[in-house]
Amino acid sequence: MEYTNYLADRVKTMKGSAIREMFKRMADPEIISLAGGNPAAELFPGDELSKIAGKILMTSPTLALQYGTTDGYPKMKDCARQRAAKVNSVKEGDEILIMTGANPGIDLTAKALLNKGDAVVVESPSFIGSLNAFRSYECKLVGVDVDDDGMDMDKLEEALKTNDNVKMIYTIPTFQNPTGVTMSLEKRKRMLELASKYDVLILEDNPYGDLRFSGEDVATIKSFDDEGRVIYAGSFSKILSPGMRLGYLCAPAPIAEKIEMLKQVNDVHTPMLTQLMCVEFMKKYNIDDYIERNRELYGKKCAKMLESMEKYFPAGKVKWVVPEGGIFLWCECPTITDITPVVDKCIEKKVAIVPGSNFATDIFAPSNKFRLNYSSATLENIEEGIKRLGEVLTEML
């Protein structure tokens with residue numbers, strides 16, 4: 001049966017994540033993946049969480065297994081508020097909403113705010129999950145180039161000035177996905193000034209902000225917001241466990257109220273068991289000590305990847321950005337126009353990378369860029385994977 005005519009117009013042209021599609025091609029256990037975005041599994045506090053979960057189910061089974069409130073378990077909201085307060089990103093008049101991961105928070109924010117035909121200004125490149133959320137509501141994506149210190153602010157102003165119905169700017173200012181770039185303090189302040197000047201909202205997505213392993217912290221955009229113009233999305237996925245699916249939004253109350261109504265329709269509430277587990281973990285253990293272990297390991301893995309790239313990549317053929325944190329490296333091959341043949345050849349060589357087109361506003365345009373992930377592979381696999389990738393690049397460039 002042909003189902004094309006049954007699909008909603010807004011999803012007919014959507015393209016799935018190349019990362020997820022690539023996983024289907026990576027069933028071969030010999031393939032080294034530098035393609036995903038998974039945290040390091042060796043850091044998961046499995047023993048601690050298993051004991052916590054067992055105790056909860058023994059002592060509070062009804063609370064853990066019954067329906068919860070849509071906005072989140074109150075003690076979990078307190079945990080999220082504490083995390084947001086550390087970076088001054090929850091303001092007077094804001095409400096905290098616990099989400100089933102940060103992605104649903106972004107999706108429901110888009111659903112609450114965007115009409116068909118509205119424009120969203122995004123970094124180019126940007127995270128495909130968010131781009132697809134905006135696409136699903138039939139919005140126009142306006143891409144603005146990312147420099148080594150974040151979005152180009154002159155081009156941002158031009159985009160705000162020349163595009164009709166711009167409703168929102170979406171940004172990942174710290175250790176951006178996919179580039180790993182961190183927006184400078186000056187640019188963060190300028191973005192907020194431009195949002196105020198052109199009367200648009202900012203959705204600030206900060207899933208990687210805790211993962212700094214070099215350099216100095218940069219204040220969030222939300223921390224400067226005194227107009228209620230910034231919606232802040234945080235996550236526990238990269239600092240505790242992605243499988244627990246815990247994220248949160250800090251949003252002005254009138255917007256949070258509508259998002260909460262949409263969440264009621266979407267998933268009713270975030271699972272109570274994982275909320276309770278997170279609350280107990282943060283009560284019993286020092287989450288900042290745990291985060292520090294993440295930073296230390298990711299710093300070592302990033303250094304190993306950069307060292308291996310210098311060793312195995314063909315000299316002068318590949319450019320890359322050196323991140324100060326997060327989990328991604330962004331590379332460009334200036335002498336070619338399309339990285340796709342390189343990606344395909346890499347699979348033959350048993351190593352996986354992600355093509356840059358996956359993160360573009362125009363997913364059908366060729367790209368000479370690719371993203372690498374260093375968080376989930378071992379140090380040994382990072383070097384071997386980069387060696388194999390270097391062999392492909394040397395052959396094809």
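The values are calculated or read from the model by the stated rules, or taken from the named source; none is laboratory data. Because the structure is predicted, anything quoted here is derived from the model rather than measured. Using ideal geometry, Cβ is built from the backbone for each residue, glycine included, and neighbour counts are taken over all protein chains shown. Ligands, DNA and RNA are excluded from the accessible area calculation, which covers all protein heavy atoms including side chains. Shrake-Rupley method; radii C 1.70, N 1.55, O 1.52, S 1.80 Å.
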Would you check if Ser130 is assigned to a helix (DSSP H, G or I), closer than 30 Å to Lys319 by Cβ and either under 16 Å from the mean Cα position of the chain (by Cα) or not small (Gly, Ala, Ser) (or both)?
yes
Go through segment 343-358 and report how many residues are open to solvent by less than 10 Å² (accessible area, probe 1.4 Å), touching an Asp or Glu at 6+ places or on another chain (Cβ under 9 Å) and under 23 Å from Asp145 (Cβ atoms).
1
Name the helices (runs of 4 or more DSSP H) wholly within segment 2-111 that hold at least 3 residues that are at pLDDT 95 or above, in contact with a Gly (Cβ under 8 Å, 6 or more places away or on another chain) and open to solvent by less than 70 Å² (accessible area, probe 1.4 Å)?
74-86
(1) touching a strand residue (DSSP E or B) at 6+ places or on another chain (Cβ under 9 Å); (2) on the phi > 0 side of the Ramachandran plot; (3) among the acidic types (Asp, Glu) all hold for Glu138 apart from (1)
Among the residues of segment 313-331, how many are open to solvent by 20 Å² or more (accessible area, probe 1.4 Å), over 16 Å from Lys387 (Cβ atoms) and part of a loop (DSSP other than H, G, I, E, B)?
4
Of (1) in contact with a Cys (Cβ under 7 Å, 6 or more places away or on another chain); (2) assigned to a loop (DSSP other than H, G, I, E, B); (3) under 24 Å from Glu186 (Cβ atoms), Tyr232 fails just (2)
On the basis of being surrounded by 13 or more Cβ atoms within 10 Å (Cβ to Cβ), touching a helix residue (DSSP H, G or I) at 6+ places or on another chain (Cβ under 8 Å) and part of a helix (DSSP H, G or I), does Ser308 make the cut?
yes
Count of residues meeting criterion [open to solvent by less than 30 Å² (accessible area, probe 1.4 Å), over 29 Å from Asn373 (Cα atoms) and either in a loop (DSSP other than H, G, I, E, B) or acidic (Asp, Glu) (or both)] in segment 164-193:
0
What pairs come out if I take residues in segment 105-131 that are among the polar types (S, T, N, Q) and pair them with residues that are open to solvent by 10 Å² or more (accessible area, probe 1.4 Å) whose C-beta lies under 7 Å away, six or more apart or interchain?
Ser124/Gly143; Ser124/Asp145; Ser124/Val146; Ser124/Ala360; Ser124/Thr361
For segment 205-216, how many residues are part of a loop (DSSP other than H, G, I, E, B), out of contact with any Asp or Glu (no Cβ under 6 Å at 6 or more places or on another chain) and in contact (Cβ under 8 Å) with a residue 12 or more places away in the chain?
7
Against the conditions (1) under 16 Å from Tyr198 (Cβ atoms); (2) open to solvent by less than 10 Å² (accessible area, probe 1.4 Å), where does Glu158 fall short? Just the number, please.
(2)
Scan Leu194, Leu201 and give me the residue that is among the hydrophobic types (A, V, I, L, M, F, W, C) and in contact (Cβ under 8 Å) with a residue 60 or more places away in the chain.
Leu201
Picked from segment 196-249 (must be open to solvent by less than 30 Å² (accessible area, probe 1.4 Å) and of a type in the set (Phe, Trp, Tyr)), the residue nearest to Gly325 (Cα to Cα) is Tyr208
Which residue out of Lys258, Lys283 is of a type in the set (Lys, Arg), surrounded by 13 or more Cβ atoms within 10 Å (Cβ to Cβ) and part of a helix (DSSP H, G or I)?
Lys258
